[in-house]
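The values are calculated or read from the model by the stated rules, or taken from the named source; none is laboratory data. The model shown is predicted, which means the values in this text are computed figures rather than measured ones. Every residue, glycine as well, gets a Cβ built from its backbone with ideal geometry; the counts of neighbours run over all protein chains shown.
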Amino acid sequence: MYAGVALSVLAVLGPDRLGRATAPLADAVRVAGAPGLAPVVRAGAAVAALGSLLALILGVSRTTLAMARDRHLPHSLATVHPRFHVPHRAALAVGTVVAVLAAVADLRGAIGFSSFGVLVYYAVANASAWTLTPAEGRPARLVPVVGAVGCLVLAFALPPASVLSGAAVIVLGAFAYGLRKVLARG
């Protein structure tokens, strides 16, 4: 679906106009001769973006839950709601961070930074699939390699500010993790 929309918008606007567009879907509808549909397309894009954001928040809250269980984050975030069986504290914490970022940060920068982080996260997940045994459902060896390389290519194709800020946070996190391990031994 994403590829179909991207190819359609590219065909209607062309690469130069698409590169300059601030609202590419609405621009494509206008250029295609249906300017009355632009508000509908904008509303659809907003709903799709919110759905994507919700999915990311829920996914990150489960990662937060796992990290809290392993004591890499405050253990209070490892709580699962007794009735709904969801990581409600982690979801509220992640939602709060997202809301604060949306209120005070340039969303384009936050999206780029987030995209870099998610792509690196998926590259690690693909690399981890390499360690699965056949009994655990290991995919063909080529699949995780292609997945990891694809994620890294996309991650480093992002704007330089996104790559630098994302890489800085990953390095800082790795440093903090290593320091924590050294202090725990010592």
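Residue-wise test of (1) touching a residue at least 40 places away in the same chain (Cβ under 8 Å); (2) touching a helix residue (DSSP H, G or I) at 6+ places or on another chain (Cβ under 9 Å); (3) closer than 22 Å to V60 by Cβ; (4) not basic (K, R).
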site: A125; (1), (2), (3), (4): no, yes, yes, yes
site: V145; (1), (2), (3), (4): no, yes, no, yes
site: A161; (1), (2), (3), (4): yes, yes, yes, yes
site: A168; (1), (2), (3), (4): no, no, yes, yes
site: V182; (1), (2), (3), (4): no, no, no, yes
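If you go through the range 1-46 and keep only what is in a loop (DSSP other than H, G, I, E, B) and either surrounded by 15 or more Cβ atoms within 10 Å (Cβ to Cβ) or free of Cβ contacts under 8 Å to residues at least 12 places away in the same chain (or both), you end up with M1, A21, T22, G33, A34. When each of A102, A55, A90, A68 is tested for being over 28 Å from L179 (Cα atoms) and in contact with a helix residue (DSSP H, G or I) (Cβ under 8 Å, 6 or more places away or on another chain), the lone residue that passes is A102.
Against the definition (in a loop (DSSP other than H, G, I, E, B), at pLDDT below 95 and not basic (K, R)), how does V118 come out, yes or no? Here the answer is no, as V118 does not meet what is asked. May I ask you to verify whether A49 is surrounded by 15 or more Cβ atoms within 10 Å (Cβ to Cβ) and within 26 Å of F113 (Cβ to Cβ)? Considered against the rule, which asks whether it is surrounded by 15 or more Cβ atoms within 10 Å (Cβ to Cβ) and within 26 Å of F113 (Cβ to Cβ), A49 comes out as no.
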